[in-house]
Amino acid sequence: MDTQRLRIAIQKSGRMAEGSNELLQAAGLRLPSRSKTTLFQRARNLPIDLLLVRDDDIPHFVATGVADIGIVGENVYAEWQLDAPEAPVSLVRRLGFSFCRLCLATPKDGPLRSPKDLEGKSLATSYPLILQRYFDEQGINASIMQMSGSVEVAPKLGIADGIFDIVSSGATLEANGLGTIADVFHSEALIIQTEKALSEDKASILARLLTRIECVQASRQIKYLMLNAPQSKLAAITNLLPGADAPTVLPLQGKGDMVAIHAVVQDADLWETLEKLKAEGASSILVTPIEKMMA
Ligand code: ATP
Ligand code: ZN
C-alpha cells in the first residue's frame, strides 16, 4: 500500500455519504467524478485516497489498516467495538452530522409500555450488542434476534415483541404501528483511526486534514454580521452581539453620527439577536456565512 497517501474509508452511498463527501470537499479535497461502481477515488490536489464502501465494513477496514481512517456512524462503531474490544481502532473526532438515535419500540396498542415490560420478551435489531449492554445495565432479561434490515416489520410478522432500531422522524415506526418506549443510544458521524503506526507522510497529511476539519466545523457555527447604528447605541449594540469581543466600528460618510459595525458572531439564536438589534436602532443588518476561518 502507498505509504505516502492517506487512505480514508467512507460510505459509498446512503445516509452518511453526502455529509462525508461535503466535509472532505469543504476541507479542500478535489475529487474526480465517480460512477456507481467507483470504489476508489484519488484526490487531485492532496495525497489522499478515498475508499468507497458499505458503512458496516468501515471499522474492520480501519482496524486492519486497509484504510488509515474512516468516517462512520457512532452506532456502527460502538456495535463493532463491543464485538471486538481488543481491536486497534480509536475515535479521533466527533463530526456533528448524521445525528440519529437507537430506540426501543413496541406496538402502540400493546401492553409493552416501558423497558421493564420487556422481561422475557424478544426484540429484533441490527445492533444486538448495544442492546445487550443496555439490558445488562438495566437488569432486564430478554432475547435478542439479529436482523440485518427491515427490523420494523418484525412485530407485525409475529417474529418479535418489539424492536431496537434507528429512529429519526418516527414516521417509519408510525407506519408500522410502533411507538418508542426508550431512547437508548445517541449517534453522530465520527472519524476513527487505525492504531497501526502511520508513516510520517500520512501522519502529516492527517494532521493537516484534521486542522482543516476543525476550521470547517468552527466556521459553520459562526456568521459575519454587518449593521449600521447611531454612535450613541454602540455599547448597547455590542453587548447584544453573541460571542463578538471586538467588533470593527467604521464611520459612515455623510450619515451624521451613524457608524457601521462588523463582527463575527455565534449562529445560535441569531434571529432573536437580530430582532433585539433592530429594536436598539440598528439598520441595514446583513448576515453572511463564513466559508473559512483560521484563528
Ligand atoms: P450501507 O449500504 O452503507 O450498509 P445502511 O443502509 O446500513 O448503508 P444508512 O441508512 O445509509 O445505512 O445509514 C448510515 C448511517 O447513517 C447509520 O449507521 C447512522 O449512523 C446514520 N443514520 C441513519 N439514519 C439516519 C437518519 N435518519 N438521520 C441521520 N443519520 C442517520
Ligand atoms: Zn450498513
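Seen from all sides and averaged, what is the projected area of the convex hull of the Cα atoms in the stretch 222-289, in nm²?
Details: hull surface 16.1 nm².
One quarter of the hull surface, i.e. the mean projection, equals 4.0 nm².
How much accessible area per residue does the chain have, counting only protein heavy atoms and a probe of 1.4 Å, in square angstrom? Before the final figure, lay out the partial values.
Details: 15510 Å² over 295 residues.
Accessible area per residue: 53 Å².
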| query | What ranking, highest mean first, results for peptides 63-71, 103-111 when packing means the other Cβ atoms within 10 Å averaged over each residue? | reply | 63-71, 103-111
| message | Only Cα pairs within less than 10 Å get springs; with that Gaussian network setup on the chain, which residue of 279, 124, 84 has the largest fluctuation? | response | 279
| task | Looking at the chain, send over the antiparallel percent of its DSSP beta bridges, to the nearest 5. | result | 75
| Once Lys and Arg get +1 and Asp and Glu get -1 on their Cβ, which of 80, 45, 130 lies farthest toward the positive end of the dipole of the chain? | 45
| query | Once phi is turned into ³J(HN,Hα) by the Karplus curve 6.51 cos²θ - 1.76 cosθ + 1.60 with θ = phi - 60°, what whole-Hz value does each residue of the stretch 72-86 show in order, with x for glycine and proline? | reply | 8, x, 4, 4, 5, 5, 5, 4, 5, 4, 5, 7, 9, x, 8
| message | If I build a Gaussian network model for the chain, linking alpha-carbon pairs within less than 10 angstrom, which residue out of 122, 199, 35 has the largest mean-square fluctuation? | response | 35
| said: Given a 10 angstrom Cα cut-off, can you work out which residue in 213, 159, 58 is the most mobile in a GNM of the chain? | reply: 159
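On the accessible surface of the chain, probed at 1.4 Å, how many percent belong to carbon and sulfur atoms? Don't skip to the end; give the middle numbers.
Values: 7900 of 15510 Å².
In the chain, the share of accessible area belonging to carbon and sulfur is 51 percent.
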| request: Relative to the longest principal axis of the C-alpha atoms of the chain, give the angle of the C-alpha long axis of helix 17-26, reported between 0 and 90° and rounded to the nearest 10°. | output: 30
| message | If amide hydrogens are placed 1.01 Å from N in the peptide plane, which non-local residues have theirs closer than 5 Å to the one on residue 198? | response | none
| request: Kindly write out, for the stretch 123-140 in residue order, the coupling ³J(HN,Hα) from the Karplus curve 6.51 cos²θ - 1.76 cosθ + 1.60 (θ = phi - 60°), rounded to whole Hz, with x marking Gly and Pro. | output: 10, 9, 7, 9, 10, x, 7, 5, 5, 4, 4, 4, 4, 4, 4, 8, x, 10
| Two-decimal ratio, the chain, of alpha-carbon radius of gyration to 2.2 N^0.38 Å | 1.30
| Antiparallel as a % of all DSSP beta bridges within the stretch 100-187, to the nearest 5? | 65
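For every other residue with a beta carbon closer than 15 angstrom to the beta carbon of residue 88, add +1 if it is Lys or Arg and -1 if Asp or Glu, then tell me the sum.
Numbers: positive: 196; negative: 68, 83, 86, 195.
With Lys, Arg at +1 and Asp, Glu at -1, the neighbours total -3.
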| request: Please tell me which of these pairs span more than 18 angstrom C-alpha to C-alpha: 202/292; 255/276; 36/202; 12/196; 12/292; 12/36? | output: 202/292; 255/276; 36/202; 12/196; 12/292
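The values are calculated or read from the model by the stated rules, or taken from the named source; none is laboratory data. All values derive from a computational prediction rather than experimental measurement. Neighbour counts are summed over all protein chains in view; Cβ atoms, including those assigned to glycine, are modelled from backbone coordinates with ideal geometry. What goes into the accessible areas is simple: the full protein's heavy atoms, side chains included, and nothing from ligands, DNA or RNA. Shrake-Rupley method; radii C 1.70, N 1.55, O 1.52, S 1.80 Å.
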